[in-house]
1. Determine the share of region 3-114's accessible area contributed by carbon and sulfur atoms, expressed in whole percent, with a 1.4 angstrom probe.
2. Could you give the accessible area per residue of the chain, probe 1.4 Å, as a whole number in Å²?
3. Which order do 41, 28 take when ranked by solvent-accessible area (1.4 Å probe, heavy atoms of all protein chains), largest first?
4. With a 1.4 Å probe and all protein chains in place, put 8, 84, 25, 91 in order of accessible area, largest first.
5. Ignoring ligands, DNA and RNA, how do 107, 73 rank by accessible area with a 1.4 Å probe, largest first?
6. So for the pair residue 51, residue 16, with labels modelled 7 Å out along Cα→Cβ, what separation do we get in nm?
Amino acid sequence: DGHPAILRVLHPALEHDPGHELWKRDFTGASGLFSIVLKPTPAAKVHAFLDALELFGLGFSYGGFESLAIHCDPQLKRTATTPRFGGPLIRLSVGLENPADLIADLDQALAQAS
């Protein structure tokens, strides 16, 4: 949250998330699976962001030891109704790497893509 290239972060543990009250009622912790919505940008810049990631692998996962990222827009366009997030949706699955290193990796990839 707060990065100039990110429109919003989607995770129910965040107070501004629409599902936060349900999460707070039903859960005592959170996972490392969440999404970021980039500010509107061409697909080429989204791909440049993903290509610039050094610590995040590319792929789907719901919890492994390595961190992964995936561009979800192509998959979402195959549903009956296309969700509108306001920008490209990137799903992140955070693994066991150092959080400061992962944040630095995201930051440098966002800078390279802008």
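1. Values: 4120 of 6830 Å².
Reported share for carbon and sulfur atoms: 60 percent.
2. Computed with neighbouring chains in place, this is 62 Å² per residue.
3. Sorted descending by solvent-accessible area, the residues read 28, 41.
4. On the way: 8 80, 84 195, 25 165, 91 25 Å².
Largest accessible area first, the list is 84, 25, 8, 91.
5. 107, 73
6. If labels sit at residue 51 and residue 16, their model points lie 3.1 nm apart.
The values are calculated or read from the model by the stated rules, or taken from the named source; none is laboratory data. Just so we're clear, the structure is a prediction, and the values are computed from it rather than from any experiment. Here Cβ is always computed from backbone atoms with ideal geometry, including for glycine, and neighbour counts include all displayed protein chains. With ligands, DNA and RNA removed, areas are computed over all heavy atoms of the protein, side chains included. Shrake-Rupley method; radii C 1.70, N 1.55, O 1.52, S 1.80 Å.
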